[in-house]
1. Can you give the local net charge around GLU97? Use residues other than it whose beta-carbon is closer than 15 angstrom to its beta-carbon, Lys and Arg +1, Asp and Glu -1.
2. Please work out how much length the chain gains when fully extended from ASN96 to GLU70, using 0.36 nm per residue of separation minus the C-alpha to C-alpha distance, in nm with one decimal.
3. How many Å² of accessible area per residue for region 36-115, probe 1.4 Å?
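The values are calculated or read from the model by the stated rules, or taken from the named source; none is laboratory data. Keep in mind it's a predicted model, so treat the numbers as computed, not measured. Methodologically, a virtual Cβ is constructed for each residue, glycine included, from the backbone with ideal geometry; neighbour enumeration extends over all protein chains shown. Side chains included, ligands, DNA and RNA excluded: accessible areas come from the protein's heavy atoms. Shrake-Rupley method; radii C 1.70, N 1.55, O 1.52, S 1.80 Å.
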Amino acid sequence: GVGPGDASPDEGVVEDLPLIDEKAVEQLTEGLISHYLPDLQRSKSALQELTQNQVVLLETLEQEISKFKECNSILDINALFSEAKHYHNKYVNIRNEMMVLHEKTSKLKVSGINI
């Protein structure tokens, strides 16, 4: 025979469905939402703040990278200026030597020695 303990655990569930109280479901839903919503809103706010901070950080990093690029450009310019100064000094020395040679040849010509 079939005893009371042999009944299926799902037996009677289908019959209970029409007895669900819509107001109770609504209240349970509101209760569940009111329980989790503040935490979710705080999480949303924290994520938004984090995202904004990341944007600021990225902008700052881009500015720093551009500063480094400028520094490299300045170093290149400094190298060019020092190279230009070096060649200018060479030019001045060659010019001085040519003036000395010109004076010597002029003195030799005055002395009557034709070159």
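1. Working: positive: LYS90, ARG95, LYS104; negative: GLU103.
Within the 15 Å Cβ shell, the charges total +2.
2. 5.5 nm
3. 95
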